[in-house]
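Laboratory data are not the source of any read-out in this text; all were calculated from the coordinates shown. Note that this is a predicted model, so its numbers are computed, not measured. All Cβ positions, even for glycine, are placed from backbone atoms using ideal geometry, and neighbour counts span all protein chains on display.
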Amino acid sequence: MERNLKFLAFWSINEKPELDRVCSQLDEMKKVGYDGAVWHVRMYPYPEDYLDREYMDVVSGAILYAKKLGLEFWLYDENGWPSGQCSGKVKKANPSCEFYWLVSDDKNGYELKSKNAINVMDKKSVDTFIELTHEAYKNSLEKEAWDYVTGFFSDEVEFTSATGVNGKNGYIPWTPEVDEIYLARYGEKPEKDFHKLWEATEDSEEFKLRYWNIITEILANNFYKRINDWCQKHGKKYTAHLKGEENPFFQIEYSGSPYTCLKECSVPAVDALERYKNSNYYPRIASSIAKQFHSGEALTEAIGGSGFGLSPIDFYNYIDWLAE
């Protein structure tokens, strides 16, 4: 009977890849029973070489060797994480890009701040990311290799992503598109009610719900949907897991609603890197969305944070919990 569970190696590429070496590693993956691999460029120490001609030649060779072995081959879309930077190249291509956020202010109720940084809610920045990363793979890999690629993997995207902005002062993400959508949807500008974002009153609840729904939709549409649409156009699957999907309280400050965001991924995913069973809540995010809106196929990062000493029964119990 065909099993409906696949195991992919989350394959850390943290040194300049050499074709003989990566093919040898693929042999080992096949030998121990993996179904495929995710080419995970992870803190690659040569950013100037990332996605260059020599790099692409090695990746093409690795993909074609995986094809020979019958292993799936996914491409992680970043050097490290979070996705959206192209190892700093997006910022260089858009040097004037701004990230905006709101903080509570005793005088006016709120203050708008900004920083010259990558903004994953900005369409231009995301289009640049797609051009520099996804288009680069499509155009630079050998055709047979590109045709064999299963799909792309985005990782750990959040409102602030690689901005260096933290939530110590109760920041709330903002982008100019918020005001445009709010005005079109509710017939008024939202600025007069921004102070309600930090209030815990019945009067503030409706505005907070409206605001967080809109900012989440912007992230979902401008990042995940744009990449998913590109992948579908080129016959590739698209998977992603978010930052902070473990519980509803944790989710809001990072990505609003994971359901809204992951609905835009053809293969929704979560991050479950521990050794022992955890909450049943967050794995169901991926499976629920997959069954309602897509093919039913979901993905999880698993076991990677388990550390040394993982026993066979630990592994069995953990995978059994996720599969269930």
*Give the distance, in whole Å, between the Cα centre of the stretch 182-196 and the Cα centre of the stretch 35-105.*
38
*asked:* Students often check this: by mean Cβ neighbours within 10 Å, which of 288-298, 156-166, 213-223 ranks highest, and how do the rest follow?
replied: 213-223, 156-166, 288-298
*asked:* If R₀ is 56 angstrom, what is the calculated FRET efficiency for the pair Glu142 and Asp179, using the beta carbon separation as r and rounding to 0.05?
replied: 0.75
*Trp198 paired with Ser311, simple spin-label distance in nm, labels 7 Å along Cα-to-beta-carbon*: 5.1
*For a label point 7 Å along the Cα-to-beta-carbon line of Lys16, residues of the stretch 28-69 with backbone N under 20 Å*: 40-63
*Go ahead and run the numbers for FRET between Trp321 and Leu69, Cβ-Cβ distance against an R0 of 22 Å, rounding to 0.05.*
0.15
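Just subtract the alpha-carbon distance of Lys115 and Ala93 from 0.36 nm times their residue separation and send over the number in nm, one decimal.
This chain segment gains 6.3 nm when fully extended.
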*State which entries of Lys16/Lys143; Lys68/Lys291; Lys6/Lys68 exceed 26 angstrom in Cα-Cα distance in the structure shown.*
Lys68/Lys291
*Eligible lysines near Lys196 by straight Cα distance, threshold 22 Å, same-chain separation 8 or greater*: Lys107, Lys113, Lys168, Lys208
*Lysine pairs in the stretch 233-278 with alpha-carbon atoms under 20 Å apart, 8 or more places apart or on different chains: how many are there?*
5
*asked:* Highest mean first, how do 55-67, 29-41 rank when packing is the count of other Cβ atoms within 10 Å averaged over residues?
replied: 55-67, 29-41
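Suppose every Lys and Arg Cβ carries +1 and every Asp and Glu Cβ carries -1, with no other charges. What dipole size does the chain come out with about its Cα centre, to the nearest 20 debye?
440
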*Rounded to the nearest 20 Debye, what is the dipole magnitude of the stretch 167-318 about its Cα centre when Lys and Arg each give +1 and Asp and Glu each give -1 at the C-beta?*
620
